[in-house]
Every structure is written in structure tokens, then in C-alpha cells.
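Here is the structure we will look at, set down as C-alpha cells.
Read the figures in this text as sums done on the coordinates, not as results from a lab. Everything quoted here is computed from the prediction, not taken from an experiment. Here the Cβ positions follow ideal geometry from the backbone for every residue, glycine too, while neighbour counts run over all protein chains shown.
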Amino acid sequence: MKTRAVSGLPEIHAGDDLAALIDDRFDFEEGDVLCLASTVVSKAEGRKADFSAFPPSERAESIAERLESITGESKDPRFAQAVIEESEELLTDAPFLLAVTRFGHITVNAGIDRSNVPDADLLLLPEDPSASAERLSEALGVPVVVTDTSGRPFRYGQRGVAVGWAGIPASRDWRGEFDRDGRELGVTVQSVVDELAGAANLVAGEGNDGTPAVVVRDWAFGDHAGSEELFRREEDDIVREALRNWEFD
Ligand code: GDP
Ligand code: MN
Ligand code: MN
């Protein structure tokens, strides 16, 4: 497998034709997969926002006050308001905001970014990243994975994860295949889009590299069954349930 960053992409603005900007700078081949940082998808879709758009509710005020008293850092209640509005549910509101986004991805602060956002306070995730991936995939003729850098439980450090995808199943199912001892695999469903997102995010970088688009080449999904499921269904999610009943003190 090879990964290559698309070079020379400009700063992206609302209304930009992201597919055309990428197509002009890269010759795609059959089998390529395009991984794209959600940051630039959001920018193209006009998802920059200012604090002024989020007048804080009482709930946002009290969340910000509590966070400030826990962390000792000043917290803007308008940021808490933006997270609330971008979320279906807050699983925790202290010591950080763990949000279920409207499209099902669970992440801190609903994935709202404050870095790599010139001329605005905030950058919201795309409203429906898989719909964005679908449009880009249609225009470019290759599968597309929209990525974000996200923390994960149990481990330090952030990594790239898939928040939307199109033209490729979310995972590939190894169940029913055999290991080297001939033992049948019973549970392994590999999250292909997350693994591609992780590789691409490593190449894209987190700072000022200017390389949000990374093409994966010479990798094949192979002859496996695929599944569209990535975000765990509520009824299968014991961690979500546990967090709902947990109180930080
Ligand atoms: P996220 O992981 O989706 O939140 O995005 P990051 O802020 O970590 O940025 C990922 C990559 O995209 C980095 O290489 C950034 O420098 C780059 N990047 C972010 N915004 C832009 C942009 O508007 N234009 C270009 N060319 N690169 C960008
Ligand atoms: Mn991000
Ligand atoms: Mn990132």
C-alpha cells in the first residue's frame, strides 16, 4: 500500500469545488481511495462559525462555569452552546464534553475545531460527512473517506478516524475465514475506513502542512463481505450506557 498527499491545495473557502481542486492536482487510478480531512470538507461547506452565532443558554453557562472550576482555565459558554447545538446528546459535561453528534459519531466537543480556522472562531464538522463523501466520490470516481483527528478512551494520543465514507464498505468481515492453524475466525470485523483514516491522518499531519487530501494506492478491499456499520448502535453500546449514569466529582 502506498499513501501520497495531494500537494498544492490552497486554503479552502465556503463554496469551493473541493473535488475539482483535487482533480486538478492528482491523477487518480483505478483502485485509489481518497482520504480527506473533515476540516477542508467543512470549510468548503461553509461550516466556519463565530461565537456570536451561539448565545449561551443557562445550561451552557453552567457547563462552562463548572469546567472552569475543574480545569482552572477560562471557558467560553458560547463554545459549550455550540457543542450542545451540534449534538444529539452530551454523554458527559465534565471534565470534558463528550458528545453524540447528529450523524452518530461520538467525540469530544462534537469535533468542533479551533485550529486551522483562519478568520473565524470555530469550525463545525460537516453536517453529514457520509453525504459529503458521497458527493465527492461521485465527482472524482473513487471511494472517499472523510477523516477527523479524535481521541479515544483507554489510550493517550489522538488519531485519525473515519467520520464519513462512500464507495467502500465501512468494514470487512473475516468471520468464517481461517487463521494459520485452521481455526475459524468468529468475531473479527475489521474497521477498514478507520484503518485507512489512521494511515492517511499520519501523512496529512496536524499542523500547517497543508495536506488534507491523501490518496491510498495499491491496497484492495479483497474478497470479503462488507458492512456499512461503524457507529455502534445504542442498544449494543454498554459504554455509552455506563457514561450516561456516571457523574464526575
Ligand atoms: P482535522 O484532522 O480534519 O481536524 O484537520 P487538521 O486541522 O488536523 O488538518 C489536517 C491537514 O489539513 C493538515 O495538513 C492541515 O495543514 C491541512 N489543512 C487544514 N485546512 C486546510 C486548508 O484550508 N487548505 C489546505 N491546503 N490544507 C488545510
Ligand atoms: Mn478536527
Ligand atoms: Mn487532524
Among 55, 212, 77: highest mean-square fluctuation, GNM of the chain, C-alpha pairs under 10 Å:
55
Taking the Cα centre of the chain as the origin, how large is its charge dipole in debye, to the nearest 20, when only Lys and Arg (+1) and Asp and Glu (-1) carry charge on their Cβ atoms?
500 debye
Please give the calculated 222 nm ellipticity per residue for the chain, where each DSSP H segment of at least 4 residues contributes -39500 (n - 2.57) and the sum is spread over every residue; nearest 500 deg cm²/dmol?
-8000 deg cm²/dmol
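When only C-alpha pairs under 8 Å and at least 6 residues apart count, what is the relative contact order of the chain, in percent?
Averaging sequence separation for qualifying contacts and normalising by length gives 25 percent for the chain.
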Segment 106-141 versus segment 204-249: alpha-carbon centroid distance in Å:
14 Å
Give, rounded to the nearest 20 debye, the magnitude of the charge dipole that segment 122-171 has about its Cα centre when Lys and Arg contribute +1 at Cβ and Asp and Glu contribute -1 at Cβ.
340 debye
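Subtract the Cα-Cα distance of residue 249 and residue 71 from 0.36 nm times their separation in residues, and report this length gain in nm to one decimal.
On the way: separation 178, 0.36 × 178 = 64.08 nm, distance 1.25 nm.
Difference between extended and current length: 62.8 nm.
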Cross-link partners of residue 75 among lysines (Cα-Cα below 29 Å; sequence separation of 8 or more within a chain):
43, 48
Hey, with R₀ at 25 Å, roughly what FRET efficiency would residue 2 and residue 25 work out to, going by the Cβ-Cβ distance, to 0.05?
0.90
Rounded if a/c is under 1.5, else prolate if a/b is larger than b/c, else oblate: which is the chain, with a ≥ b ≥ c the root eigenvalues of its Cα gyration tensor?
oblate
